[in-house]
Amino acid sequence: MEIIYARDYEQLSKQAARYVYQFVASRPKVTLGLPTGETPIGFYRELVALHRDNQLQLDGMVTFNLDEYLGLPPQSPQSYHFYMNRHLFEPLGLPLEQTHIPNGLAKDPEAECQRYEEEIRRHGGLDLVILGVGRNGHIGFNEPGTSFDRRTHVVTLAESTRQANARFFPSLEDVPTQAITMGIATILEADEIILLASGSTKAEAVYHLIEGHKVTEQWPVTALKRHDRVTVFLDREAAALL
Ligand code: GLP
């Protein structure tokens, strides 16, 4: 595992964007796994800026988001569809046919999970997955206790995750209770993984990933210890317990 320390959020965002820019620029075709949340916003902004200054070849770029809330329409400002259009797809000019996000309105969410997995497989799997991390160590929406063998599946969100994400919704009651998430088995099959962690609320999860000795389903992020090409981008606050 490689660790890249940044002094602050701005530097972390720039470093991660440069890394992903080079990854994409050096391959004619690339399939990315993409995160949402507050952390990647700066990273997406910097990636768009790099593209503006040195046009990336977007024809071969295909994306799969990690997760989506169940029950939110794509035009809801809290949906990850809306988030991705706003922070990456529209500013980059990435054709939406090249992007994939689980359908939060699927009538049969289980079938949607299978369809999503098949679609990832049809594209030859993921080359690079970019992750954030939840305060309780969740990746995507794989909450503590989720088997590392699971592929894309429906999850019930931990109450602490709903509370942490309530800041994006009018009130806690508006936060969906379920989501579709790429599973940890799907994530671990990627050729390469990077994780972005910023701020003191992530320090404990980062500690378990880097200093902890155990790979434990109680801290889903520790699954990354089982992958041999992981790069972690940390700012000072996220690295405070190391
Ligand atoms: C959500 C997302 C995760 C993300 C996490 C942390 O729960 N499903 O993929 O990593 O939030 O987000 P933030 O960066 O806002 O702390």
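Rule-based calculations on the coordinates, nothing more; no lab input. Model, not experiment: these values are computed from the prediction. Every residue, glycine among them, receives a Cβ derived from its backbone with ideal geometry; neighbour counts consider all protein chains shown.
In a DSSP loop and with at most 14 other Cβ atoms within 10 Å, the GluC sites (Glu not before Pro) in region 1-98 are E38.
Can you bin the chain into rounded, prolate or oblate? Criterion: square roots of the alpha carbon gyration tensor eigenvalues sorted a ≥ b ≥ c, rounded for a/c under 1.5, prolate for a/b above b/c, oblate for the rest. Here the chain falls in the rounded category. Taking the centroid of alpha carbons for each part, region 120-137 and region 210-229 are 15 Å apart. In a simple Cβ point-charge model (Lys, Arg +1; Asp, Glu -1; nothing else charged), the chain has a dipole of about 360 debye relative to its Cα centre. Proximity of backbone amide H atoms, modeled 1.01 Å from N, is registered between L131 and I194, L195, L196 at under 5 Å, excluding neighbours fewer than 5 places apart on the same chain.
By the Cα gyration tensor, region 1-94 has an equivalent ellipsoid whose semi-axes, rounded to whole angstrom, run 22, 17, 13 from largest to smallest.
Under the combined filter of DSSP loop state and at most 14 neighbouring Cβ atoms within 10 Å, region 147-242 retains these trypsin sites (Lys or Arg not before Pro): K214, R229.
The GluC sites (Glu not before Pro) of region 158-242 that meet both conditions, a loop assignment by DSSP and at most 14 other Cβ atoms within 10 Å of the site Cβ, are E211.
Helical content alone sets the calculated 222 nm signal of the chain at -8500 deg cm²/dmol, taking -39,500 (n - 2.57) per DSSP H segment of four or more residues and averaging over every residue. Sum up the charges of everything whose Cβ sits under 12 Å from the Cβ of G42, counting Lys and Arg as +1 and Asp and Glu as -1, but leave G42 out. Within the 12 Å Cβ shell, the charges total -3. Look at the alpha carbon pairs under 8 Å that are at least 6 residues apart: their mean separation over the length of the chain gives a relative contact order of 25 percent.
When D149, D191 are arranged by Cβ crowding within 10 Å, least crowded first, meaning fewest neighbours, the order is D149, D191.
For a modelled paramagnetic label at L58, 7 Å from Cα along Cα-to-Cβ, the residues of region 1-33 in reach, with backbone nitrogen under 20 Å, are 17-33.
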